[in-house]
Amino acid sequence: MKKRILFFVYLVVSHAALSCDVCGCGAFNSTQGLGTLAQGNRTSIGLNYQYRLYKSKHPKVFGNGIEHSTDYFQRLDVLGQLRLSKRWQLQLSVPISFNTHIAEDTTSRKNGLGDPILMVNFFLFNKQDSLQTRMFRWIVGAGVKNPIGKFTHPNDVDLYLYPGTGTFDAVFQNSFFLQKRKWSLVQTSQYVLRGENKYKYIPGSLFSASLFAQYKFRTWGIYAGAQYSWSGVDYLNRKAVSSSPTQGKILTGIIGASIQWKDWVLQGNYHIPIAQQLGEGNSHQKTAFSISLNYFFN
């Protein structure tokens, strides 16, 4: 079993922050299902915790000087994937968000259930040699984000703190996994096409792409790579909202490690900002990391 089960970069940046819950764009926007790339098409359950800290500064609306603020975004995802057949897989992610904004004289908190994502994945290629030292997998997926989480009017100053968007969004993802002996290469990408909510508001579309290299030891592995995330312009009544606080782009380096015990896998990773342009340059990601625990059924 241990020889058959490969280490993997699971949820390195997976489970996209599919709501206006970030200053700029989601530091963890990326393809879901990185675990399936190495584990294959297996049924599993899991939890993923992610933490992000942003610092912002911008001119005060009234008066002189600069206003400083801090945003904390914590999120717990309940994860599940179900093997439907040799090539087909069903995937579900249910997020719970805990977001806090601290300004000079106020503190705002928005907690609650976010918008679940239901995906269907198809294994285009799933090949490995008889010694299980070489493997290539190519997986494509499509799904929908369902507007279950609480959201608010776009003129609300706390818009980006709410866990939901009130929109049905289409989600598309593509993943490659190449393994040769103890080395693995993972490339993932995801695009989220936004819908419109009852306030005639369309949050900016999302795109992310990542590339990781991984080295596997006997019972644990280490990995490193980079991720690029982009969040587009929002629209209100079909007109662009150029001052949207959630638009932007960020490039981060990522380092992490994973350890496996039987069918349990624990992994963690840390994001290192390389270049970023978030919230019109007013916001900066300072800290971001993720920890996940997953169980794979036989």
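Strands (runs of 3 or more DSSP E) fully within the range 1-117 that include at least 1 residues being on the phi < 0 side of the Ramachandran plot and at pLDDT below 50: none found.
Tell me, which residue of the range 250-298 that is of a type in the set (F, W, Y) and assigned to a strand (DSSP E or B) is most open to solvent (accessible area, probe 1.4 Å)?
Step one: list which residues in the range 250-298 are of a type in the set (F, W, Y), which gives 261, 264, 270, 289, 295-297.
Now restrict to residues that are assigned to a strand (DSSP E or B): 261, 264, 270, 289, 295-296.
On the way: W261: 160, W264: 105, Y270: 93, F289: 59, Y295: 61, F296: 2 Å².
So, considering only residues that are of a type in the set (F, W, Y) and assigned to a strand (DSSP E or B), the one most open to solvent (accessible area, probe 1.4 Å) is W261.
Inside the range 173-216, residues that are assigned to a strand (DSSP E or B) and open to solvent by less than 70 Å² (accessible area, probe 1.4 Å) make up a count of 24.
Of all residues in the range 276-298, those that are closer than 30 Å to K262 by Cβ and hydroxyl-bearing (S, T, Y) have Cβ atoms under 7 Å from Cβ atoms of residues that are open to solvent by 50 Å² or more (accessible area, probe 1.4 Å) and assigned to a strand (DSSP E or B), 6 or more apart or on another chain, in S290/Y49; S292/L47; Y295/I45; Y295/W264. The residue list V140, V120 contains one member that is open to solvent by 50 Å² or more (accessible area, probe 1.4 Å) and either under 21 Å from the mean Cα position of the chain (by Cα) or of a type in the set (D, E, K, R) (or both), which is V120.
Checked against (1) under 30 Å from T70 (Cβ atoms); (2) open to solvent by 60 Å² or more (accessible area, probe 1.4 Å); (3) within 18 Å of the chain's Cα centre (by Cα), Y235 meets all criteria but (3).
The values are calculated or read from the model by the stated rules, or taken from the named source; none is laboratory data. None of these values were measured; they are calculated from a predicted model. Positions of Cβ are backbone-derived with ideal geometry, glycine not excepted, and every protein chain shown enters the neighbour counts. Surface accessibility is based on the protein's heavy atoms, side chains included, excluding ligands, DNA and RNA. Shrake-Rupley method; radii C 1.70, N 1.55, O 1.52, S 1.80 Å.
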